[in-house]
Amino acid sequence: MAWITKNSGTMQIETREEPYLDDELKAEIEANIIPRYPDRRAATLPTLHAVQHKVGWLPTQALKEIADFLGSAPSEVMDTATFYEEYWLKPKGKYVIWLCQSISCELMGRDTIMSKIKAKLNIEPGETTEDGKFTLMNVECLGSCGTAPCGLVNEKLHENMTVDNIDQILDSLE
Ligand code: FES
């Protein structure tokens, strides 16, 4: 196996003039997050969450702003953001479909449902439709194994999913 490397040192960062970490968000983080940690760098995870919550994802410019704000190296913030699956480093769709891939859901037919979603939306897990409407993701056990197969659409849990009702679920969002 070979590591896939990326030339982060010379890559072009898309920037905009208006900061993602604006004064209002900085003040909110200073008041509500920073005091809970022994030093500013220790607040990296919740700060990433706060920015992602506001922006919807974490553009590279935002990671650099977070590094400046916390007194960290940009590479440290980038390392942290790329390590955890909860952080979005590219824009996600309006609706994120999470389909459970753990054992109960797998035994109850999640693969057939996944195939149906992929064919209907023409995307693979980890991708977003061209219109920005749907992102498809695999996820581990959602804690609802008794009603497998299960999935989430954004925060809403769908149980006992079938090839037919996934059609209805997707159509209701279109
Ligand atoms: S295995 Fe899918 S919800 Fe537990």
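Read-outs throughout are calculated quantities, based only on the coordinates presented, and are distinct from any laboratory measurement. Bear in mind that the values here come from a model prediction, so they are computed numbers and not experimental data. In this analysis, Cβ positions are derived from the backbone assuming ideal geometry, glycine residues included, and neighbour counts consider all displayed protein chains.
Using the Cα centre of the range 23-83 as the reference point, and only Cβ charges (+1 on K/R, -1 on D/E), how large is the resulting charge dipole? Debye, rounded to the nearest 20.
Details: 6 positive and 9 negative charges, 25 e Å.
Charge dipole, the range 23-83, about its Cα centre: 120 debye, nearest 20.
Identify, among THR112, SER72, LEU25, the residue whose Cα sits farthest towards the positive end of the charge dipole of the range 1-133, taking +1 on the Cβ of Lys and Arg and -1 on the Cβ of Asp and Glu, with the dipole about the Cα centre. Result: THR112, furthest along the dipole toward the positive end.
Just list whichever of LYS26/LYS133; LYS54/LYS133; LYS54/LYS118; LYS54/LYS120; LYS54/LYS116 have alpha carbons separated by over 26 Å in the model shown.
Details: LYS26/LYS133 30 Å; LYS54/LYS133 18 Å; LYS54/LYS118 29 Å; LYS54/LYS120 30 Å; LYS54/LYS116 32 Å.
Flagged as over cut-off: LYS26/LYS133; LYS54/LYS118; LYS54/LYS120; LYS54/LYS116.
Label 7 Å along Cα→Cβ of GLU130; the range 71-108 residues with amide nitrogen under 19 Å? Of the residues in the range 71-108, 91-95 have backbone N under 19 Å from the label point off GLU130.
Our compactness index for the range 95-173, the C-alpha radius of gyration over the empirical 2.2 N^0.38 Å, is 0.98. Neighbours of LEU63, meaning other residues whose beta-carbon lies under 13 angstrom from its beta-carbon, give a summed charge of -3 when Lys and Arg score +1 and Asp and Glu score -1.
Between ILE33 and GLU155, what is 0.36 nm times their sequence separation minus the Cα-Cα distance? Round to one decimal in nm. Walk me through the numbers before you get to the answer.
Details: separation 122, 0.36 × 122 = 43.92 nm, distance 2.40 nm.
Roughly 41.5 nm would be gained on extension.
Show me the three semi-axes of the equivalent ellipsoid for the chain, from the C-alpha gyration tensor (sqrt of 5 times each eigenvalue), largest first, rounded to whole Å. Mind dumping the intermediate values first?
Details: eigenvalues 238, 65, 53 Å².
They are 34, 18, 16 Å, listed from largest to smallest.
With each label modelled as a point 7 angstrom along the Cα→C-beta vector, the ARG41-ASP79 pair spans 0.9 nm.
Around the Cα centre of the chain, unit charges on the Cβ atoms of Lys, Arg, Asp and Glu (plus for the first two, minus for the last two) sum to a dipole of about 240 debye.
For the peptides 124-132, 112-120, the ranking by packing is 112-120, 124-132, with the highest mean count of neighbouring Cβ atoms within 10 Å listed first.
Per DSSP H run of n ≥ 4, the term is -39500 (n - 2.57); total these for the chain, divide by its residue number, and report the mean residue ellipticity at 222 nm rounded to 500 deg cm²/dmol.
On the way: 7 runs with 71 residues, N = 174.
It lands at -12000 deg cm²/dmol.
Placing unit charges on the Cβ atoms of the charged side chains and taking the dipole of the range 19-155 about its Cα centre, the candidate lying farthest along the positive direction among ASN122, THR47, ASN154 is ASN122. Given Cα pairs under 8 Å that are at least 6 residues apart, what percent is the relative contact order of the chain? So the answer I get is 17 percent.
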